[in-house]
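**Student:** For reference, the structure I am asking about is given below.
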Ligand code: 5GP
Ligand code: MN
């Protein structure tokens, strides 16, 4: 793998972009790379496009440089897509994918099918921020750039908790910490702190949640009228599905919110064995094995039933696998006794 400088030959104008409804990893990796390029390659003209990132990310250096739309005549030598998960989720610069000669895509979603000039996708990586780090020269990473990348890694690992957080991830995080960043402050401010309205809608979602599949699945739905009542937007509901997933005994958490009449955004998280990216893919979405999403049309009961059918398939597969493993163990024990 080449460092980022190898992709900059004959390149003057660069656009960096992430996915729609950008999360901490998306904002962190885009801003980390933006700061690295602007700080180390002063001759380059770099722009960063993200769909209205949350206010909590505004401490990042040059946050005010983020653009949410491009000029009609904008053209670039290189488009860098980060954390997008699939081509149709680029959002604000969707049209630039076809009109830009060279496209470099760095990602960690196995549902990303590629078809870019250069594609580096590591589904095993904790975050796109960790993937971006591999393309940078550690010596040239400034404190401000490190803040953004560290935030990306921290968010996508659920603060260094998920299985995707490897020893390698911790080494990268450590090298970013050594740049002198305020790491506890970043985690508290951008991950744990919630506004009053965010806590209210979280409380409502938890109150209205229900269990099924013998307590292995938890579901909660927020209707548009409820969002209006609490004065919240989708950005304010980011942590809800993770909180649902923390329920003891639960393998899968499913959170739905209404995006428009008869349309729901679905977020799914699993703990140990259900592959939620497989379920999301059935509905045209994508993501990771333990965290995935999609948008589904229909009444919310029908959406939940459709997801339940997919869950049922995987629970049955898992049960069958468990039975097979137990039978094998029994056979081994029996042969030892003979
Ligand atoms: P979230 O549930 O937080 O929206 O997303 C969880 C993961 O699934 C993220 O990695 C996100 O990029 C991915 N994801 C969410 N919704 C979609 C979707 O509609 N399409 C695709 N391809 N990926 C999605
Ligand atoms: Mn990510």
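The values are calculated or read from the model by the stated rules, or taken from the named source; none is laboratory data. Since this is a predicted model, take the numbers as computed values, not measurements. Here Cβ is always computed from backbone atoms with ideal geometry, including for glycine, and neighbour counts include all displayed protein chains.
**Student:** Take the conditions modelled with pLDDT of 95 or more, in a helix (DSSP H, G or I), crowded, with 19+ Cβ neighbours inside 10 Å and in contact with a helix residue (DSSP H, G or I) (Cβ under 6 Å, 6 or more places away or on another chain) and apply them to residue 106. Does it pass?
**Tutor:** no
**Student:** Using beta carbons and a limit of 7 Å, which pairs, at least six apart or on different chains, have the first residue in region 1-20 and closer than 14 Å to residue 36 by Cβ and the second one loosely packed, with under 12 Cβ neighbours inside 10 Å?
**Tutor:** Pairs that qualify, where the first residue is closer than 14 Å to residue 36 by Cβ and the partner is loosely packed, with under 12 Cβ neighbours inside 10 Å, are 3/137.
**Student:** Checking the conditions here, which among 14, 80 is part of a strand (DSSP E or B), more than 14 Å from the chain's Cα centre (by Cα) and within 16 Å of ligand 2 (Cβ to nearest atom)? Give the derivation first.
**Tutor:** Numbers: 14 fails: within 16 Å of ligand 2 (Cβ to nearest atom).
Matching residue, one of 14, 80: 80.
**Student:** Looking at residue 336, is it over 30 Å from residue 111 (Cβ atoms) and either assigned to a helix (DSSP H, G or I) or at pLDDT 95 or above (or both)?
**Tutor:** So residue 336 fits the description; yes.
**Student:** Can I ask one more? Filter region 35-52 for residues that are in a helix (DSSP H, G or I) and surrounded by fewer than 24 Cβ atoms within 10 Å (Cβ to Cβ); which is nearest to ligand 2 (Cβ to nearest atom)?
**Tutor:** 37
**Student:** May I pose another question? Only residues that are away from ligand 1 (no atom under 16 Å from the Cβ), touching a strand residue (DSSP E or B) at 6+ places or on another chain (Cβ under 7 Å) and over 14 Å from residue 30 (Cα atoms): list them for region 76-103, please.
**Tutor:** Filtering region 76-103 for residues away from ligand 1 (no atom under 16 Å from the Cβ) gives 76-80, 93, 95-96, 98-103.
Then keep just the ones that are touching a strand residue (DSSP E or B) at 6+ places or on another chain (Cβ under 7 Å); that gives 76-80, 93, 96, 100, 102-103.
Answer for region 76-103, where residues must be away from ligand 1 (no atom under 16 Å from the Cβ), touching a strand residue (DSSP E or B) at 6+ places or on another chain (Cβ under 7 Å) and over 14 Å from residue 30 (Cα atoms): 76, 77, 78, 96, 100, 102, 103.
**Student:** Using beta carbons and a limit of 7 Å, which pairs, at least six apart or on different chains, have the first residue in region 95-121 and within 16 Å of ligand 2 (Cβ to nearest atom) and the second one at pLDDT below 95 and assigned to a strand (DSSP E or B)?
**Tutor:** 109/286; 109/287; 111/286; 111/287
**Student:** Give the number of residues within region 164-179 that are closer than 23 Å to residue 289 by Cβ and part of a loop (DSSP other than H, G, I, E, B).
**Tutor:** Selection size over region 164-179: 3.
**Student:** Which condition does residue 286 not pass, out of (1) within 11 Å of ligand 1 (Cβ to nearest atom); (2) modelled with pLDDT of 95 or more, if it passes all the others?
**Tutor:** (2)
**Student:** Same structure, new question: So residue 286 passes all but one of these: (1) more than 16 Å from ligand 2 (Cβ to nearest atom); (2) more than 21 Å from residue 249 (Cβ to Cβ); (3) in the same structural domain as residue 221 (by TED's automatic domain parsing). Which condition number does it fail?
**Tutor:** Residue 286 satisfies every listed condition except (1).
**Student:** Kindly provide the set of residues from region 208-229 that are touching a strand residue (DSSP E or B) at 6+ places or on another chain (Cβ under 9 Å) and not in a strand (DSSP E or B), ordered by number.
**Tutor:** Taking region 208-229 and keeping what is touching a strand residue (DSSP E or B) at 6+ places or on another chain (Cβ under 9 Å), we get 208-213, 216-227.
Within region 208-229, 208, 209, 213, 216, 223, 224, 225, 226, 227 meet the criteria.
**Student:** Could you pull out the residue among 303, 232, 289 that is closer than 24 Å to residue 156 by Cβ and touching a strand residue (DSSP E or B) at 6+ places or on another chain (Cβ under 8 Å)?
**Tutor:** Values: 303 fails: closer than 24 Å to residue 156 by Cβ; 232 fails: touching a strand residue (DSSP E or B) at 6+ places or on another chain (Cβ under 8 Å).
From the options 303, 232, 289, the qualifying one is 289.
**Student:** Checking the structure you have, find out if any residue of region 159-179 is within 16 Å of ligand 1 (Cβ to nearest atom), closer than 27 Å to residue 128 by Cα, crowded, with 19+ Cβ neighbours inside 10 Å and not assigned by TED's automatic domain parsing to the domain that holds residue 133.
**Tutor:** no
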